[in-house]
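The values are calculated or read from the model by the stated rules, or taken from the named source; none is laboratory data. None of the values given here were measured: they were computed from a predicted structure. In this analysis, Cβ positions are derived from the backbone assuming ideal geometry, glycine residues included, and neighbour counts consider all displayed protein chains.
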Amino acid sequence: MTATARAADEEVDVPTLGELLVQSAKLGRDRTAAQALAEEETLLAHQGVRLALVVKEDGRMTARWEGLMGRLYTLNLDEVQRAFLGLVLSMVGIGHIPLTAVESLDERRLLIMQRALCRLAGNDRIARGTRQ
């Protein structure tokens, strides 16, 4: 059996870009921000975001947050994507995005941001959801 045939027969578990960024991130704010982007998925699929954010250092894919902030308004993102990305950048201490940007987020991105804020606070056990 050739290597090509074997690869076609076996399911290969290749980490996604988001997973690679989370693994290479420092603990704390960097890791929380990378995790939020990995969960959101669409921003890392955007070529402009990848080009501005992702660099290869010492053979590892890492996030270079400063490069992304300088291009935030030139990436052709919609309002919701820009608001989410701005809030993520605020987590790492870059930019001055007001917390009111959450008003622009859809429900899925708002939940991601809630989880990220809990992680930043050092408590990911806070119950989220509606009460009855």
- prompt: In the range 14-34, is there at least one residue being more than 28 Å from Gly122 (Cβ to Cβ) and at pLDDT below 90?
  reply: yes
field: Every residue from the range 68-127 that is assigned to a loop (DSSP other than H, G, I, E, B), in contact (Cβ under 8 Å) with a residue 24 or more places away in the chain and surrounded by fewer than 14 Cβ atoms within 10 Å (Cβ to Cβ)
entry: Asn76, Gly93, Asp106
- prompt: Would the range 70-83 turn up any residue that is small (Gly, Ala, Ser) and at pLDDT 90 or above?
  reply: yes
statement: Those residues of the range 44-92 which are over 21 Å from Leu111 (Cα atoms) and touching a Phe, Trp or Tyr at 6+ places or on another chain (Cβ under 9 Å) amount to Leu53
- prompt: Here is a list of conditions, (1) within 16 Å of the chain's Cα centre (by Cα); (2) over 16 Å from Glu39 (Cα atoms), and His96 meets all of them except one; can you say which number that is?
  reply: (1)
message: Restricting to the range 46-67, give me the number of residues that are of a type in the set (Gly, Ala, Ser), within 24 Å of Leu120 (Cβ to Cβ) and in a helix (DSSP H, G or I).
response: 2
